[in-house]
Amino acid sequence: MKTIGKWVLLLVVVVTVAVTLVSFYYSQFKQAETTQITTKTNPPVQTSGVKHQAPEPLTADIPIIPPAQVRPLIGINVNELHYEDASFPFVDLFRQSAPFKANVLELPDADKVEYDSQGWPLHLHGAKIATKFIGKMPPEALVEGDYVVLYDGTGSLSYGHGVEAISQSPNRDVIRLHKGEDGEINASLLINSMDDKDPIRHIRILPPGGICQDNPYLRVFTQADCQSGAAYLPFEQYYPSIRFTPEYLNYLKDFGTIRFMAMSGITRNPESHWSERPNMQEATWGGGYGERGAPLEIQVDLANRMQANAWFNLPHAADDDYVRQFATYVRDHLNPQVRIYVEYTNEVWNTSFSHSEYTQKKGIEAGFSINSVEAGYQYYIKRAGEVFAIWEQVFGGRERLTRVIGSWDTRPDISKKLLGEYAGAQIADAMAIAPYFGGNTKGYRESTTVDQIFDLTTAPDSFRSLPQVLEHVREQADIAHHYGLKLIAYEGGQGLVDWATREASQQPNPLFFAANRDSRMGELYTQLLNGWKDAGGELFMAFSSPRTCQWFGCWGLKEHIRQPRESAYKYNAVLNFMDAHRDWVLDTASPVQVVPSNQVNLPEEIPAEKKPHHPDDPLIVFRPAKDPERYFFLENPRTLDTLIAGQEWAKRDLFGKWEGKWDENYLYLTVRVYDESIKTDSENPEDDDSIEVYLDADNSRKASYDGVNDYRMIFAWGRKQVILDPKSPQTISSDLSYELKTTADGYVLEAKIPWKMLGVKIGVKSRIGVEVQVNDDDDGGKREQKISWLAREDNAMNDPRLFGVVLISGR
C-alpha cells in the first residue's frame, strides 16, 4: 500500500506540473499570439519565445487632420535615422539607435556575441554590448522628465554617458537625461547579462507625456491638458499607434511633399533583393551607411498621416522584383489622392557615392563608353527607364506619377547629355537639381568675420554665390523646358561647408555656424526661393529636416525639432515664403517647349577625341601638405575611371582614386586602388598589379620625353624599389620613399617624391604635368586591363602631352 501511495502521489505531482506548464504556456505565448492577430499595431515579431515581457501596448485610432491651408510647391527632405538626428521622428527613441553589432562604444569581446536575424542578441558569451540612442544633442532639443525603458526578456541593463537610472524593475526602467561637461546630451544603453533562454529584446525608450487623441501635433502631459474632452494617450501605453512625435508631425504639416531618400537609407546601400529591405521587425532602424533605413511601411504611414505627396528613391542595385514589390505596396497603401515622385537612386554624378560607382560599372559592362563617367550616365538613363516602366505597369498608367531624372545644378552640359544625347527626356516628366549656394572654400578659409562670409556668398563673381546659383537655375530651366520637362529641386539651400575639416572648432566652421544663425541667412533663403520661382522652377525640396550644426555642415532648416521659429531664420523664411505664395501649387501637366531651339545649346555628339591638352590649361590643383598625419589622407581625390587597355572592366575589381599634396621639398602622392586580387608573377611589372605615375616636372608638355624631368615611374608589388622607364632620368634619390599597403578591398600607394630629384623648385602657381594609371592582373600572366585618370589611349609612356596640368596652390 505504501508503494501504491507513493506512485499515486508521484502521479498527482506530474499532473500538477503539466497543468501548470500548459497554463503558463497559454497565458504567455498563446495570449501573445492572439494579441498579434487582433491588435491594430503590433510590436516586432520575436524570433524565439520570450518568457518575461513588458505589458502589451494599447491601441487607438489617431485622426488624420487635413492641412489647414493650401500648401505651395515647397517640400522637405526628411533625415537619415541616426542617434545624432535632431529631428527625433519617433516616439520610441530606440528606433534611431545604433545597432548593437556596430559596437559604437568599442566594448571588448563584443565580437563574440551571437545575434538573431533582426539584430537582437541571442548569446553574450560573457561579453557586454551597448548602443547609443542620443548623441551630440543640445539639451533644449529634448523634453525634460522621466523616460521609460521597456524591454522583453530577462537580464541586466545599465546606462552610460548622461543617463541617470531613477528606478529599475523587471522589464521596466525609468531614466533621466543630463548634459555632459561639453553641454551636450549623449545617451547609451548597455546589456550586461541576460538569460540565454529568455534573451533581452524589443527595447523601447519612451519620452514623457503623450497626446490628446484629437491632436497628434501637440505634446501634453495629463488628461487635464485635453480641454476638448478627447482622451489623453500616454506615450508609454500608446506608442505604436502614435508612432511619430507630435513635434515632428507639427514640423512636417506645412510641407506638401516629403522626400524619403535619406530616411530610406539608400545611400551607399548595396541591397538588391526585396528580402534585404529594412523591415518592421528589426531591432533598430538607425546606424551607419548600409545599415540604417526606415521600412517602406513607415514612409507610407508618414506620408498618409501628413496627406503629403511622397518622393521615393529606389536603391541603385534594386532588381526588377524589388522595384515591382515597392511600387505595389505604394499603390495598395498610399493615399490615392497624393502624387508620387519616383527617382532611381540619388546623385549618380557624385563619385563619392557607391551608387555612382555602381552605375559606372554597369555602363562599362554594357559597352556604353570607355570612360566610366559617361558610361555611368548612359546606364543611369537606361535603368531609370526600366524602373519607371515597372511603376507605370503596376499603377496602370502615369497619372499619379512624376518620373524624375536627377542632374548636377552647375553642370548644364550634363543635363543636356542626360536629356538629349541619352534620351532621358523621353522617359521622364521632370529634371531635378540641387541649388545650393555658398561654395567659395578658398575665400571662406581666409575669412575672419561673418560679414566676410556673407560678402562671399552674395558677390556675383564668387564661386557658387547666390547670384551664380540662380544664373545656373535659369539655364537649367531653359534646358528642362526645351525638352518638355519640369525643373524641380530634389534638394537646396545654403551649402556652407569645408570638407577638409574634421572638427566643429576648425576654421571656418565657427563662422559657418554663426552665418546660419544670422537673420541675413533667412533673407538669402527668401532670395533663393523667389529667384527659383521666377526662373521657372517648380517643386522645391528644402534640405533638410532639423539637424545640429557639425563640421560637415548646418543643413537643417532648424537646429533641432524644438527650436522656436523666431530663432530659426531659415525655417522662418521658408514659412513666410509659403504664406506669400499659397497660389503656387502643383500643375500635373507637363510644360510645353517654351524656349526656342536657337536659344538653347543642344547637345552635340562629342567623340572621344585623343587630342593633347594645352600646356597652360590647369585641370586640378595640389594643395599644401601641412599636417604630417594627413599627408596621405584622401580629402579631394580624383578618380581613375577610363579604361585604356583591355576589353572588359568589372569596376569593383578595378577602380581607383588619387590625390597629390606638396611642400617645398616633396610631392606627396596617394593612390587608392580597389582590386579583389593582387598578382606578382610576371617579369614585366606592367603585367602585374602596379601603379604608373607620370610627371612632367616643368610642364613643358613636349611630344616626347625630354630626358631631363619627364618621368614614368612604376610602383609594383614584389619590387624593392620604384622602376623608372628607360626614357626617364635614371637617378633615384635616396630621399624618395614609398609604401604599398594592402587594404580590405585592394591596396594603396603612399609615395614621397623629392622635387630635387625631379630637377625643379616648386612654389605657389607653379605648374606640373601629371598622369596616373593602374595595371590589373587577375589570373597571372599578362595584364587584363589598364585604367587612367586623364589619358584616353595607352600612350602616355611616349607622349607627355597626354598628361594633365596641375596647378600648385597656396591653400
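The values are calculated or read from the model by the stated rules, or taken from the named source; none is laboratory data. Just so it is clear, the structure is predicted and the values come from calculations on it, not from any experiment. Every residue, glycine as well, gets a Cβ built from its backbone with ideal geometry; the counts of neighbours run over all protein chains shown.
Inspect all residues belonging to the range 366-385 and state whether any of them is among the hydrophobic types (A, V, I, L, M, F, W, C), closer than 28 Å to A477 by Cα, modelled with pLDDT under 95 and surrounded by 24 or more Cβ atoms within 10 Å (Cβ to Cβ). Yes, some residue in the range 366-385 is among the hydrophobic types (A, V, I, L, M, F, W, C), closer than 28 Å to A477 by Cα, modelled with pLDDT under 95 and surrounded by 24 or more Cβ atoms within 10 Å (Cβ to Cβ).
Among the residues of this structure, A224 does not count as one that is crowded, with 19+ Cβ neighbours inside 10 Å, among the small types (G, A, S) and either modelled with pLDDT of 95 or more or within 21 Å of P66 (Cα to Cα) (or both).
Among the listed residues D173, D182, which satisfies the condition of being buried (at least 17 other Cβ atoms within 10 Å of the Cβ), of a type in the set (D, E, K, R) and either at pLDDT 95 or above or not in a loop (DSSP other than H, G, I, E, B) (or both)?
Details: D182 fails: buried (at least 17 other Cβ atoms within 10 Å of the Cβ).
Exactly one residue qualifies, and that residue is D173.
If I filter the range 411-423 for residues that are modelled with pLDDT of 95 or more and outside any helix (DSSP H, G or I), do I get at least one hit? Yes, the conditions are met somewhere in the range 411-423. Note on the range 379-397: residues that are touching a Leu at 6+ places or on another chain (Cβ under 9 Å) and under 15 Å from I414 (Cα atoms) amount to 2. Of the residues making up the range 219-268, those that are aliphatic (A, V, I, L, M) and within 30 Å of V342 (Cα to Cα) are I242, L249, L252, I258, M261, A262, M263, I266.
Taking helices (runs of 4 or more DSSP H) that fall entirely within the range 218-275, which contain at least 2 residues that are free of Cβ contacts under 8 Å to residues at least 60 places away in the same chain and in contact with a strand residue (DSSP E or B) (Cβ under 9 Å, 6 or more places away or on another chain)? Spell out the reasoning first.
Numbers: elements: 235-242, 246-252, 261-264.
The qualifying helices (runs of 4 or more DSSP H) are 246-252.
For the range 751-779, the set of residues classified as among the charged types (D, E, K, R), modelled with pLDDT under 95 and surrounded by 17 or more Cβ atoms within 10 Å (Cβ to Cβ) consists of R767, D776, D777, D778, listed by residue number. For the range 714-738, what are the residues that are loosely packed, with under 13 Cβ neighbours inside 10 Å and either basic (K, R) or within 33 Å of the chain's Cα centre (by Cα) (or both)? Correct list: K720 only. Exactly one residue out of A504, A500, A480 is over 26 Å from the mean Cα position of the chain (by Cα) and either of a type in the set (A, V, I, L, M, F, W, C) or modelled with pLDDT under 95 (or both): that is A480. Selection within the range 439-486: residues that are among the hydroxyl-bearing types (S, T, Y) and in a helix (DSSP H, G or I). The member of this set that is farthest from C554 (Cα to Cα) is T458.
Given the options A459, A428, name the one that is at pLDDT 95 or above and over 30 Å from L485 (Cα atoms). Lay out the reasoning, then the answer.
On the way: A428 fails: over 30 Å from L485 (Cα atoms).
Result: A459 is the single residue among A459, A428 that is at pLDDT 95 or above and over 30 Å from L485 (Cα atoms).
For the range 117-132, filtering for residues that are of a type in the set (D, E, K, R) and either part of a loop (DSSP other than H, G, I, E, B) or at positive phi (or both) leaves 1. Considering only residues that are in contact with a helix residue (DSSP H, G or I) (Cβ under 8 Å, 6 or more places away or on another chain), surrounded by fewer than 19 Cβ atoms within 10 Å (Cβ to Cβ) and under 18 Å from Q378 (Cβ atoms), which ones fall in the range 392-411? Correct list: W408 only.
Does G293 count as surrounded by fewer than 23 Cβ atoms within 10 Å (Cβ to Cβ) and in a loop (DSSP other than H, G, I, E, B)? So G293 does not fit the description; no.
Evaluating K741 against the criteria (1) loosely packed, with under 13 Cβ neighbours inside 10 Å; (2) touching a Leu at 6+ places or on another chain (Cβ under 6 Å) leaves one unmet condition, (2).
Per the listing L667, L640, L695, the residue uniquely within 17 Å of E750 (Cβ to Cβ), modelled with pLDDT under 95 and hydrophobic (A, V, I, L, M, F, W, C) is L640. I'm told Y711 meets every condition in (1) buried (at least 21 other Cβ atoms within 10 Å of the Cβ); (2) in contact with a helix residue (DSSP H, G or I) (Cβ under 8 Å, 6 or more places away or on another chain); (3) at pLDDT below 95; (4) on the phi < 0 side of the Ramachandran plot except one. Can you identify the failing condition by its number? The one condition Y711 does not meet is (3). Does E784 satisfy the condition of being among the acidic types (D, E), in contact with a strand residue (DSSP E or B) (Cβ under 7 Å, 6 or more places away or on another chain) and surrounded by fewer than 20 Cβ atoms within 10 Å (Cβ to Cβ)? No.
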